[in-house]
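Comments concern the structure below.
The values are calculated or read from the model by the stated rules, or taken from the named source; none is laboratory data. Just so it is clear, the structure is predicted and the values come from calculations on it, not from any experiment. All Cβ positions, even for glycine, are placed from backbone atoms using ideal geometry, and neighbour counts span all protein chains on display. Areas reflect the complete protein model, heavy atoms only, side chains present, ligands, DNA and RNA absent. Shrake-Rupley method; radii C 1.70, N 1.55, O 1.52, S 1.80 Å.
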Amino acid sequence: MKTTKRKIKKILNNPKLFFSDMYLKYNFHFKKWNPISSAEGKNSFSIIAAIYNMEDHLPIFFQSITTQSLNFKNHIKIICIDDGSIDQSAQIIGEWQKQFPDNIIYIKKTNEGQATARNLGMLYTKTEWVTFIDPDDFIHKDYFKVIDSQISQYPDIQMAVGYLIFYMNSLGSFKDTHPLKFRFKKNTVIKDIHDLGEFINLSASSSFFKNSIIQENRITFDNKVKPNFEDGKFIIDYLQACSFGKVGFIKQAKYFYRKSQTPTSTIDLSWTNPAKFLDIWLYAFLPILQHEKFNLSLSYTIQATVLYEINNYISHLINRNDRLAFLSPQQKETFLNLIKEAVSLIDKNIIWKSTLLSPKCKIITLEY
């Protein structure tokens, strides 16, 4: 009954979104298990998956990759880094590895976090293109075929970004409501790396990178950047290393991001972690803002990236001082000083012009 009422309310409030979500849901379920004729492409890809206790999600993760319309055996490798799982993840990976021994690599390590696991996986990457699909997410059957086609058509692309769609885990439904979806106004949007503006990118999971650029510049995920934003820092470091080229925002490459609606989700829990208010600022926001002065062509995008994150902080905390109650008085003072220092490094005109900030957040940021 609750589900029916919710659907009625949704169709009355936003019929376009309702039918878009319905199409995604039934299109996915209809095609999910259909036999797929594999096509040949021009590129080879590696997926580095940092896996920790993912037994519930690994079957659909592997299913969505091994049944790609781009020939899986000839073009795709999965490097599974088991980050000390204590559930049945290892057994599930082993079963898939038996089916595809030449395409699935399994490495077991002690639990040290996603950044360390991904960095280890990069040591085993031999293909020119690499991506970091999370093992609790899954992809559309044409995901790799579309990416292969676009990076072949536009050889100057140094980073390709897929179209992220939320999969609401408890409801079994899709929501095409990502706040950065404006980057995909056309099926393929090509932007110069040094003229990205507010076309920021925060997801390494739904992005493709050139392994040669990563290796030549020794780019890694920073294990000090916790509990999140390690992707954002990695992407900024990668863009800084690109002396030329384009970024492709590719709408037809659909990436399904599993989103929990419970207050125990990773994102929700991060707001109760002191590192969210200290370490991320110390090891990510401040360093990239300070470093961007040496690369003026990326200055706007770097500042816009931090502003987008600041907007999330302000939206979370505005009129809710109790949400900082778990911090000590000294930690609160340090956090406020870190905000002030970060904002002092951002051009006031960029704050005024930003479309990534709500009006309230814009005023508060300018006050800081």
_If I219 satisfies all but one of (1) without any contact (Cβ under 8 Å) to a residue 24 or more places away in the chain; (2) open to solvent by 30 Å² or more (accessible area, probe 1.4 Å), what's the number of the condition it fails?_
(2)
_Of all residues being polar (S, T, N, Q) and under 22 Å from L282 (Cβ atoms) in region 322-368, which is least open to solvent (accessible area, probe 1.4 Å)? Just the residue, please._
T365
*Got a sec? Which of I200, I190, I139, I165 is among the β-branched types (V, I, T) and open to solvent by 10 Å² or more (accessible area, probe 1.4 Å)?*
I190
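So is S299 open to solvent by 50 Å² or more (accessible area, probe 1.4 Å), part of a helix (DSSP H, G or I) and of a type outside the set (D, E) or not?
Details: open to solvent by 50 Å² or more (accessible area, probe 1.4 Å): no; part of a helix (DSSP H, G or I): yes; of a type outside the set (D, E): yes.
Judged against the criteria, S299 is not a match.
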*asked:* Which condition from (1) open to solvent by 20 Å² or more (accessible area, probe 1.4 Å); (2) modelled with pLDDT of 95 or more; (3) over 23 Å from N74 (Cβ atoms) is the one that L171 breaks?
replied: (2)
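Yes or no, residue by residue, for (1) in contact with a Gly (Cβ under 9 Å, 6 or more places away or on another chain); (2) under 22 Å from I165 (Cβ atoms); (3) among the hydroxyl-bearing types (S, T, Y):
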{"residue": "F199", "(1), (2), (3)": "no, yes, no"}
{"residue": "S206", "(1), (2), (3)": "yes, yes, yes"}
{"residue": "N211", "(1), (2), (3)": "no, no, no"}
{"residue": "I214", "(1), (2), (3)": "no, no, no"}
{"residue": "N223", "(1), (2), (3)": "yes, no, no"}
{"residue": "I235", "(1), (2), (3)": "no, yes, no"}
{"residue": "L239", "(1), (2), (3)": "no, no, no"}
{"residue": "S243", "(1), (2), (3)": "no, no, yes"}
*Working only within region 89-99, note down all residues that are open to solvent by 10 Å² or more (accessible area, probe 1.4 Å) and farther than 23 Å from K254 by Cβ.*
A90, Q91, I92, G94, E95, Q97, K98, Q99
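Residues in region 270-285: is at least one aromatic (F, W, Y), within 19 Å of L180 (Cα to Cα) and surrounded by 19 or more Cβ atoms within 10 Å (Cβ to Cβ)? Break it down into steps so the answer makes sense when it comes.
Taking region 270-285 first, the residues aromatic (F, W, Y) are 271, 277, 281, 283, 285.
Okay, now just the ones that are also within 19 Å of L180 (Cα to Cα), so none.
Looking through region 270-285, none of the residues is aromatic (F, W, Y), within 19 Å of L180 (Cα to Cα) and surrounded by 19 or more Cβ atoms within 10 Å (Cβ to Cβ).
Being open to solvent by less than 70 Å² (accessible area, probe 1.4 Å), charged (D, E, K, R) and in a strand (DSSP E or B): is that true of K251 here? Quick ask: steps written out before the conclusion?
Values: open to solvent by less than 70 Å² (accessible area, probe 1.4 Å): yes; charged (D, E, K, R): yes; in a strand (DSSP E or B): yes.
In short, yes.
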*Are any residues in region 152-168 closer than 23 Å to D137 by Cα and at pLDDT 95 or above, and if so, which ones?*
M159, A160, V161, G162, Y163, L164, I165, F166, Y167
*One residue from Y106, Y124, Y52 being open to solvent by 60 Å² or more (accessible area, probe 1.4 Å), of a type outside the set (A, V, I, L, M, F, W, C), modelled with pLDDT of 95 or more and out of contact with any helix residue (DSSP H, G or I) (no Cβ under 9 Å at 6 or more places or on another chain)*: Y124
*Which one of these is within 25 Å of S358 (Cα to Cα) and touching an Asp or Glu at 6+ places or on another chain (Cβ under 7 Å): K224, K175?*
K175
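Can you name the residue in region 73-88 that is assigned to a helix (DSSP H, G or I) and without any contact (Cβ under 8 Å) to a residue 40 or more places away in the chain and is also surrounded by the most Cβ atoms within 10 Å (Cβ to Cβ) among such residues? Show your work before the answer.
Let us first name the residues in region 73-88 that are assigned to a helix (DSSP H, G or I), namely 73-75.
If we keep only those that are without any contact (Cβ under 8 Å) to a residue 40 or more places away in the chain too, we end up with 73-74.
Details: K73: 11, N74: 13.
Applying the filter and picking the extreme gives N74.
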_For R183, only one of the following conditions fails: (1) touching a residue at least 60 places away in the same chain (Cβ under 8 Å); (2) surrounded by fewer than 18 Cβ atoms within 10 Å (Cβ to Cβ). What is its number?_
(2)
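One residue is enough: does region 314-337 have a residue meeting the conditions aromatic (F, W, Y), part of a helix (DSSP H, G or I) and at pLDDT 95 or above? Before the answer, list the steps.
Our first condition is that a residue be aromatic (F, W, Y); within region 314-337, this holds for 326, 335.
Imposing the further condition that a residue be part of a helix (DSSP H, G or I) reduces the set to 335.
If we keep only those that are at pLDDT 95 or above as well, we get 335.
The answer is yes; a qualifying residue exists.
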*Identify all residues within region 156-202 that are under 24 Å from S260 (Cα atoms) and polar (S, T, N, Q); write none if there are none.*
N169, S170, S173, T177, N201
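For region 307-333, which positions are polar (S, T, N, Q) and over 28 Å from the mean Cα position of the chain (by Cα)? Give the derivation first.
First, pick out the residues of region 307-333 that are polar (S, T, N, Q): 311-312, 315, 319, 321, 328, 330-331.
Scanning region 307-333 gives N319, N321, S328, Q330, Q331.
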*Report, ordered by the first and then the second residue, all pairs with beta carbons closer than 9 Å, sequence separation of six or more or different chains, a first member in region 151-169 that is closer than 18 Å to F132 by Cβ and of a type in the set (S, T, Y), and a second member that is in a strand (DSSP E or B) and open to solvent by 10 Å² or more (accessible area, probe 1.4 Å).*
Y163/K251; Y163/Q252; Y163/K254; Y167/S173; Y167/K175; Y167/Y257; Y167/R258; Y167/K259
